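J.: One structure, as structure tokens, below. Some questions next.
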């Protein structure tokens, strides 16, 4: 009977193959772990950091406004204070003449200057000037398109926010329905808008949606034809992509001076 002979070269090849397979396995596990950590950082840690930073900024703005508020004055019983008289909702005549917040100063670039609140979504988030990702949106803030109007002004007050990661303040604006309230509070006043309509999907280059009279340039059946006091919210869609834009429009319903 012949005894098989195992050559040393064969053993060495098998050992090299085993080491190569083991090294490839270790490399795949390492790469998978790194990718998992990146996903956790992007989807959880950036949200946590941005949301906490945005909440701190909201509290800072509110403290600043309270500190700057004029002291209360005593008035005869039954008489309205000047702030109460001014707190009445703007009439149709005032709105048509552009009588609300016509002279608002331009905010400093990338600085938070207002608070956007959406009760349906349980959202309170700072509004900053500009839509820069590193300076505004990635901080969890909502950004104001600088070429659009300020809160309460005739025209279109247009905002952008992340739908996913970095605080994702606009993640659920697709849930807004006509009649939902959206408020914008500044040092000077509280402006209340009412959701009017939604454009579920349009091109990122559709600049018409943030025009003075907002109307989609690619889907002209969506939008408005007459001047007014508009609010526009924009974000990416579908989720976790930036292929299209989701747009929510509202109209100014009231304003209340601080």
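Computed from the coordinates by the stated procedures, all read-outs in this text should not be read as laboratory data. Worth saying up front: this structure is predicted, and the values here are computed from it rather than measured. All Cβ positions, even for glycine, are placed from backbone atoms using ideal geometry, and neighbour counts span all protein chains on display.
J.: Would you please put 159-165, 121-127 in order of how densely packed they are, using the mean number of other Cβ atoms within 10 angstrom per residue and starting with the highest?
T.: Ranking, from highest mean packing down: 159-165, 121-127.
J.: Measure out, as a whole number of angstrom, how far apart the alpha-carbon centroids of segment 116-162 and segment 174-247 sit.
T.: 12
J.: Which shape class, rounded, prolate or oblate, goes with segment 111-258 when its Cα gyration tensor gives a ≥ b ≥ c as root eigenvalues, a/c under 1.5 marks rounded, and past that a/b bigger than b/c marks prolate?
T.: Since a/c stays below 1.5, the shape of segment 111-258 is classed as rounded.
J.: Over segment 111-258, calculate the relative contact order: mean separation of alpha carbon pairs under 8 Å at least 6 apart, over the residue count, as a percent.
T.: Over segment 111-258, the number comes to 23 percent.
J.: OK, next. Would you mind ranking 251, 133 so that the residue whose beta carbon has the fewest other beta carbons within 10 Å leads the list?
T.: Ascending number of Cβ neighbours within 10 Å: 133, 251.
J.: Please tell me the relative contact order of segment 175-236 in percent, rounded to the nearest whole number, where contacts are Cα pairs under 8 Å and at least six residues apart.
T.: 21
J.: Related question: Hey, fewest Cβ within 10 Å first, where do 61, 231, 17 land in order?
T.: 17, 61, 231
J.: Test of understanding: ordering 226, 129, 168, 62 by Cβ neighbours within 10 Å, fewest first, what list do you get?
T.: Listed from fewest to most nearby Cβ atoms, that is 226, 62, 168, 129.
J.: Given axes a ≥ b ≥ c from the Cα gyration tensor, I'd like to know whether segment 200-242 is rounded (a/c under 1.5), prolate (a/b larger than b/c) or oblate.
T.: Prolate shape, in that a/c is at least 1.5 and a/b is the bigger ratio.
J.: Using a/c under 1.5 as the rounded threshold, could you call segment 103-184 rounded, prolate or oblate? The axes a ≥ b ≥ c are square roots of the C-alpha gyration tensor eigenvalues, and prolate needs a/b larger than b/c, oblate otherwise.
T.: Details: a/c = 1.98, a/b = 1.15, b/c = 1.72.
Verdict is oblate for segment 103-184.
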